[in-house]
Amino acid sequence: MKLDSLIQRATQYEEKTVAVAAAEDHEVIEAVAEALKRNLAKFLLFGDKEKILQIMEEHGDLANHEKLQIIHTHSNASAAEHAVKAVKLNEANVLMKGNVPTATILKAVLNKEYGLRAGGVLSHVAVFEVPGFDRFTIVTDAAMNIAPDLEQKAQITRNAVGIAKSIGVDTPRVAPLAAVEVINPAMQATLDASALTTMNKRGQLTGCIVDGPLALDNAVSLTAAEHKGIKSDVAGQADILLVPTIEVGNALYKSLIYFAKAKVGAVIAGAKAPIVLTSRADSAESKLYSLALAICSASK
């Protein structure tokens, strides 16, 4: 599967509006320009208007585009607040982080008065196009939850399943990862994986197939699973890799990008609207894929 297919899918829905907090960023403006070129969405850009216009000069007559509006704010905190409020008031359907610290935008998202909390866990969901694989590889959670407990892992799974369904994976296969495939009382990841598997079988986790614990090789390689004699509806063909801690997720995420040369789009799920919370180091292409993913999620 190619991430370009998400862009095509996103353009088939009713047009959405994206609120960008602190849009004065070259990669963000490049992604916005490409998104407008592909009729992906409309945009509300919050931030330093003069700096935004200076960056836009590199992209022709972008500032006068009919599907783009710039709203001047005096600080990053103000930009984040206004962008979140735009989503809260249904003036926008997706929130996107620009050149603003993650802590600043999350503070606005979690604000009790105007924020976007939906009562559950917010989690990072990354969709990878990995060379040599004919399906998307979804990794969660690589950026938000440090050491989630069982209930948090269940909610993280639900968030990822929702994202997977929004991009056409009807019954996602979920592999809770661990270092081994057997339950070991000394390894909490194996206990949680087993519990999640049981919750799935008993109807507490629906819309997906969960089986674990599985080591990474057995989750993604049928050959490895067969070699170890693992018979499962998930082993060797997992759609979602549920990591036990943020360190595992972060290392896996970056390994796929830097070693496997994978492409990625990612969102924060679990809020009242999808959030594009890419790193400032992410490419414009990655930001574009993340936008497409968020629009698909907002349209599901």
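The values are calculated or read from the model by the stated rules, or taken from the named source; none is laboratory data. From a predicted model like this one, the values you see are computed outputs, not experimental measurements. Positions of Cβ are generated from backbone atoms using ideal geometry, with glycine treated the same way; all protein chains shown enter the neighbour counts. Remember, those area values only see protein heavy atoms, side chains included, never the ligands or the DNA or RNA. Shrake-Rupley method; radii C 1.70, N 1.55, O 1.52, S 1.80 Å.
So the values come out like this:
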read-out	value
Every residue from region 258-278 that is free of Cβ contacts under 8 Å to residues at least 60 places away in the same chain and either part of a helix (DSSP H, G or I) or under 24 Å from Tyr114 (Cα atoms) (or both)	Tyr258
Residue count for region 107-122, restricted to those that are in contact (Cβ under 8 Å) with a residue 60 or more places away in the chain, open to solvent by 10 Å² or more (accessible area, probe 1.4 Å) and assigned to a helix (DSSP H, G or I)	0
Residues (assigned to a loop (DSSP other than H, G, I, E, B), open to solvent by less than 60 Å² (accessible area, probe 1.4 Å) and aromatic (Phe, Trp, Tyr)) located in region 123-146	Phe136
Single residue of Ser299, Ser286 found to be touching a Phe, Trp or Tyr at 6+ places or on another chain (Cβ under 8 Å), modelled with pLDDT under 95 and either more than 24 Å from Ala108 (Cβ to Cβ) or not charged (D, E, K, R) (or both)	Ser299
Criterion: in a helix (DSSP H, G or I) and surrounded by 16 or more Cβ atoms within 10 Å (Cβ to Cβ) - qualifying residue of Ala23, Ala31	Ala31
Only listed residue being under 15 Å from the mean Cα position of the chain (by Cα), small (Gly, Ala, Ser) and farther than 16 Å from Val161 by Cβ, chosen from Ala269, Ala273	Ala273
Which listed residue is over 24 Å from the mean Cα position of the chain (by Cα) and not basic (Lys, Arg), from Asp233, Asp239	Asp233
Test: residue in region 147-164 that is modelled with pLDDT of 95 or more and among the acidic types (Asp, Glu)	yes
